[in-house]
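Asks: This is the structure I want to talk about, given as structure tokens.
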Amino acid sequence: MAPSEGDAGTPSGREPATPSEGDAGTPSGRGPATPSEGDAAAPSGREPAASSSESGGDASPGKATGTGPATSDTPPDATAPKTPGSAKTSRTGRNLPLAIGVGVALGAMVLASLYYVKELFLVVMMLFLLQGLRELAEAFSARSIRIPLPPLHAGMVAAPLAAYVWGPEALVAAVALAILASLVWRMAEGPAEGYVPDATAAVFAAGYLVLMGGIVALLIAPGDGDHRIVIFIAVTIASDIGGYFAGTFFGRHKLAPTISPKKTWEGVTGSALACMLVGAWLVWWLLDGGAVWHGVVIGAAAVVTATAGDLIVSMLKRDLGIKDMGSLLPGHGGVMDRLDSLVATAPVVWLLLEVFVPSSQ
């Protein structure tokens, strides 16, 4: 049978059509096909149109050859119509203008709360972490794992407040109590079946989100806490941006193909350079007693933790069989898809800043 327009160069992944009963005597690719029984009603001199189910809608314009079907030297994919908005999609599959717009809006909201009233930033942070906890619980439910949310919600509020007002010792106590309350809550809910994975997930959520929220509160507590938060957020964002552009344009060697196929060593190099440059500038500029080399060390450490945090969430999503942790932030996914690097970077930035430029409450 002569190929239809959509079959000129069979698309990859599609088996070539088998000859119909009426074609049995015609060698493949030689001579016109004898009309099959189903084609008997086709008007003389006109090739029967291929059904949409056979061609898959892949027909591409070609060169007409008399009464025969149009043929094309161009692969079907090269002439396929572009879907709306495809021109705005980056090489990594993200809608870049939308992602940038959402990121700028979030940054403006954080800065406004941070420099207007520091305590307002704590409220914004807790709201984001509570949403992140909700996304994490929904993701775990894909494996029938139930996180006891009420005690963790309470801990998410109590831990940052305790850290902000009373310091690290109070933070440790608040997190420990949140974990204990979660274990007791799940035990009271029952049944015993599934208690271990549910309790383990609760401890993970407490250490991953509740504790990290308290550490961010420790960052903002000193008199120059607003500047410390800016340094923490800026070096983490610099890691994302530097890695994105370096990986997009120069990425060749995969970092962890089984976990995050798009991450490359070239991207990590771009992240490191961006982190160290931004860290060196901001620590020297914003903090009294801060030196350029302090910022370089902080940036170098931040790129390691930011990359690890990103890979941790990628590993979680692969294990749970989901693409994004949520859909609240257009162009980004869920809140947890944006918090992954920040959550992992907060402890190292707080610790190094306390070593290099000790805070005064």
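Asks: What do you get for Rg/Rh of segment 270-350 when both radii come from the Cα atoms and Rh is the Kirkwood radius? Write out the running numbers ahead of the final one.
Replies: Details: Rg = 14.9 Å, Rh = 13.7 Å.
Ratio of gyration radius to Kirkwood radius for segment 270-350: 1.09.
Asks: Quote to one decimal, in nm, the extra length available between E189 and A105 on full extension: 0.36 nm per residue of separation minus the C-alpha distance between them.
Replies: Computed gain between E189 and A105 is 26.2 nm.
Asks: Would you work out the relative contact order for segment 233-274, in percent, from Cα pairs under 8 angstrom that are 6 or more residues apart? Can you show the working numbers first?
Replies: Numbers: 66 pairs, mean separation 20.3, N = 42.
Relative contact order here is 48 percent.
Asks: Moving on to the next point. If you take the Cα Rg of segment 197-278 and divide it by 2.2 N^0.38 Å, with N the number of residues, what do you get?
Replies: Numbers: Rg = 16.6 Å, N = 82, 2.2 N^0.38 = 11.7 Å.
Relative to the rule-of-thumb radius for its length, segment 197-278 sits at 1.41.
Asks: Working out 0.36 nm times the residue gap between A256 and V203, then minus their Cα-Cα distance, what length gain in nm do you get to one decimal? Intermediate results must be reported in sequence, preceding the final value.
Replies: Numbers: separation 53, 0.36 × 53 = 19.08 nm, distance 2.67 nm.
Gain in length upon complete extension: 16.4 nm.
Asks: Measuring from label point to label point, each 7 Å out along Cα→Cβ, what is the E354 to F245 span in nm?
Replies: About 3.5 nm separates the two model spin labels.
Asks: Kirkwood hydrodynamic radius, segment 193-352, all distinct C-alpha pairs: what's the number in Å? Mind dumping the intermediate values first?
Replies: Numbers: mean 1/r = 0.0607 Å⁻¹.
The Cα-based Kirkwood calculation yields 16.5 Å.
Asks: Further question: Looking at segment 91-200, which trypsin sites (Lys or Arg not before Pro) are in a loop (DSSP not H, G, I, E or B) and have at most 14 other Cβ atoms within 10 Å?
Replies: Working: sites: R91, R94, K118, R134, R143, R146, R186; in loops: R91, R94, R146.
Here the trypsin sites (Lys or Arg not before Pro) that fit, given the DSSP loop and packing criteria, are R91.
Asks: Go through 169-179, 154-164, 283-293, 190-200 and give me the packing order, highest mean Cβ count within 10 Å leading.
Replies: Details: 169-179: 18.8, 154-164: 23.0, 283-293: 15.6, 190-200: 12.2.
Highest-to-lowest ranking by the protection proxy: 154-164, 169-179, 283-293, 190-200.
Asks: Return one whole number: the accessible area per residue of segment 223-351 in Å², for a 1.4 Å probe. Let's see the in-between values first.
Replies: Details: 5780 Å² over 129 residues.
With all protein chains present, segment 223-351 gives 45 Å² per residue.
The values are calculated or read from the model by the stated rules, or taken from the named source; none is laboratory data. Please read all numbers here as calculations on a predicted model, not as lab measurements. Cβ coordinates were reconstructed from backbone atoms using ideal geometry, including for glycine residues, and neighbour counts include every protein chain displayed. Ligands, DNA and RNA are excluded from the accessible area calculation, which covers all protein heavy atoms including side chains. Shrake-Rupley method; radii C 1.70, N 1.55, O 1.52, S 1.80 Å.
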